[in-house]
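Colleague: A single structure is presented below for examination.
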Amino acid sequence: MLKEQLRKLFFVRSATVQGHVSREIDTVLKGRLDNQTAAALLTCSLDEALSIMDLWISVSDLDKRVPRCFKVFLDKLAAHSERLTVPQTLQILFYCAIYRKLTSAVKEKLRQTVFENVASLDHLQLELVCFAFYVLKVDCRDFPKFLSTVAERAPDVGPDLKLTITSLKFLRQNNYLDVELFRKLSTKLPKVDLETEVSSVECCHLLQSFVSARFYDEDLFQRIQKKVLKDIQTQTEFYGEYSTDELVQMHPSQRLRIKDLANFLYSLATINHEIEEVGLVASDLKNRLEGGEYNGMPYFLVQSVYALSLQGIYDVELLAAVFSEETVWKLVQDGWKDAQRWLYCLYKNCQIEFPEGVKVAEVSEARLQNGLPKDFFNIGFEMSCRDESLIENVRKDLAKEYGPDAILAGQVRSMCNGH
């Protein structure tokens, strides 16, 4: 049972959660409620703790700050000696996903319950697990049976495609790229209306999952591109109506984020599906650049501009931005190796296809090479940085095309090493 003082604090907070008090009073109230909740969690049972956290979530602002009471809650879970039940596990995963925080001790408890009970989870429960594991970056590669179960149930495109996309994001994060999964999805997705059932961001995730598995579905990709470009055109009006801060804070369902746009372009380019309406795309990138959306995150600008170059598309203003000393310094400073490689390759592309792009560069080729591995152009080195599942998919595709005797175990990697 809640102590009277804590009960009163929850009641007052629920009455003021709509912001009908000054910021100062609200800050004091939240601080007192956080401390009182943390104190109550120290002495209650696990089931009582879950009920208290339910109350906390219902009256919380759910901002990015992890409250003290949630840290106490995680400590309590780590010290809990009994096996967690499935309902408890799902509830805890929900809380952890909200705050994007999970300790190692609690993670293992949650994984254990999920892995042992995956067969009993219904569709919604499994998608909650996939969503939480995805945002918390829980590695499940050591339990392939769980990944295969998720993959087996993912093609079951029900009334809500969003749930399936959640599974695909989780599987991609764990490098589970079974071509058969996408072959099954490819037969069912034509019946789904992308225009009404999913957002552009979810379409980008769907596209990225297919491309990661190197499974090409021309009709699906064209439908996705049509929807995304339509939304980019609609969202062009936002630049005159909202400040950059307001644009960045918009929910992904309302507006594509810079990383969504980058992944969309990169996915199409790397699978060699023609990027359409390049003028609209370039204009949107420049609007975001001018508004400062890439400040501090040039990674996604480099990825976008490099993706365009793969299809022979260049823009002097965008090239000047990515070849600036500030961008190069930021990539090196933050250790973004992929972006450093893209930028160097973009520079070499410009030398061959668009020399004007090299002329606007503030940096030299030698400066772009700084920080790249010495074996950068060695295919064997690059392949050694990739997950073995990618090599295995290549083996399967080659064996299917040329027969099982054509590809021997380990031969793909040997060929890539030049032997």
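The values are calculated or read from the model by the stated rules, or taken from the named source; none is laboratory data. Owing to the predicted nature of the structure, the values given are computational and were not obtained by experimental measurement. Glycine gets a Cβ as well: all are built from the backbone with ideal geometry, and neighbour counts include every protein chain shown. These accessible areas exclude ligands, DNA and RNA; they are computed on the full protein's heavy atoms, side chains included. Shrake-Rupley method; radii C 1.70, N 1.55, O 1.52, S 1.80 Å.
Colleague: Only residues that are free of Cβ contacts under 8 Å to residues at least 24 places away in the same chain, assigned to a helix (DSSP H, G or I) and more than 25 Å from Leu220 (Cβ to Cβ): list them for segment 276-315, please.
Modeller: Glu290
Colleague: Of the residues Glu202, Glu197, only one is open to solvent by 20 Å² or more (accessible area, probe 1.4 Å), under 13 Å from the mean Cα position of the chain (by Cα) and not β-branched (Val, Ile, Thr); which? Don't jump to the end; show me each part of the working.
Modeller: On the way: Glu197 fails: under 13 Å from the mean Cα position of the chain (by Cα).
None of the other options fit; the residue is Glu202.
Colleague: Moving to a separate point now. Of the residues in segment 278-287, how many are buried (at least 16 other Cβ atoms within 10 Å of the Cβ) and among the charged types (D, E, K, R)?
Modeller: Summing the residues that are buried (at least 16 other Cβ atoms within 10 Å of the Cβ) and among the charged types (D, E, K, R) in segment 278-287 gives 1.
Colleague: Identify the residue in segment 100-127 that is within 21 Å of Ala154 (Cα to Cα), touching a Leu at 6+ places or on another chain (Cβ under 8 Å) and at pLDDT below 95 and, among all such residues, is surrounded by the most Cβ atoms within 10 Å (Cβ to Cβ).
Modeller: Glu127
Colleague: Could I ask something else about it? Name the single residue, out of those in segment 34-74 being modelled with pLDDT under 85 and in contact with a helix residue (DSSP H, G or I) (Cβ under 7 Å, 6 or more places away or on another chain), that is most open to solvent (accessible area, probe 1.4 Å).
Modeller: Across segment 34-74, the extreme among qualifying residues is Leu62.
Colleague: Ok, one more. Sort out which residues of segment 180-194 are surrounded by fewer than 15 Cβ atoms within 10 Å (Cβ to Cβ), out of contact with any Pro (no Cβ under 8 Å at 6 or more places or on another chain) and part of a helix (DSSP H, G or I), and write them in order of number.
Modeller: Glu180, Arg183, Thr187, Pro190, Lys191
Colleague: A further question follows. Could you grab me the full set of residues in segment 288-311 that are crowded, with 16+ Cβ neighbours inside 10 Å and within 18 Å of Tyr242 (Cα to Cα)?
Modeller: Arg288, Leu289, Gly291, Glu293, Tyr294
Colleague: What are the pairs with Cβ atoms under 6 angstrom where one residue, in segment 25-39, is assigned to a helix (DSSP H, G or I) and the other, located anywhere, is charged (D, E, K, R) and open to solvent by 50 Å² or more (accessible area, probe 1.4 Å)? Sequence gap at least six, or different chains.
Modeller: Matching pairs, first to second residue: Asp34/Arg68; Ala38/Arg68.
Colleague: OK, next. Just checking, does segment 257-275 include any residue being in a helix (DSSP H, G or I), surrounded by fewer than 17 Cβ atoms within 10 Å (Cβ to Cβ) and not basic (Lys, Arg)?
Modeller: Among the residues of segment 257-275, at least one is in a helix (DSSP H, G or I), surrounded by fewer than 17 Cβ atoms within 10 Å (Cβ to Cβ) and not basic (Lys, Arg), which makes the answer yes.
Colleague: Also: Counting just the residues of segment 137-147 that are open to solvent by 30 Å² or more (accessible area, probe 1.4 Å) and on the phi < 0 side of the Ramachandran plot, which one comes out farthest from the chain's Cα centre (by Cα)? Spell out how you get there, then give the answer.
Modeller: Within segment 137-147, the subset open to solvent by 30 Å² or more (accessible area, probe 1.4 Å) is 137, 139, 141-145.
Of the ones still in play, those that are also on the phi < 0 side of the Ramachandran plot are 139, 141-145.
Numbers: Asp139: 14, Arg141: 18, Asp142: 21, Phe143: 21, Pro144: 21, Lys145: 23 Å.
Step by step, filter segment 137-147, then rank; the result is Lys145.
Colleague: Quick test for you: out of Leu124, Leu93, pick the one residue that is farther than 19 Å from Arg68 by Cα and part of a helix (DSSP H, G or I).
Modeller: Leu124
Colleague: While we're on this one: Can you name the condition, by its number, that Glu82 falls short on among (1) over 24 Å from Leu33 (Cβ atoms); (2) open to solvent by less than 40 Å² (accessible area, probe 1.4 Å); (3) outside any helix (DSSP H, G or I)?
Modeller: (2)
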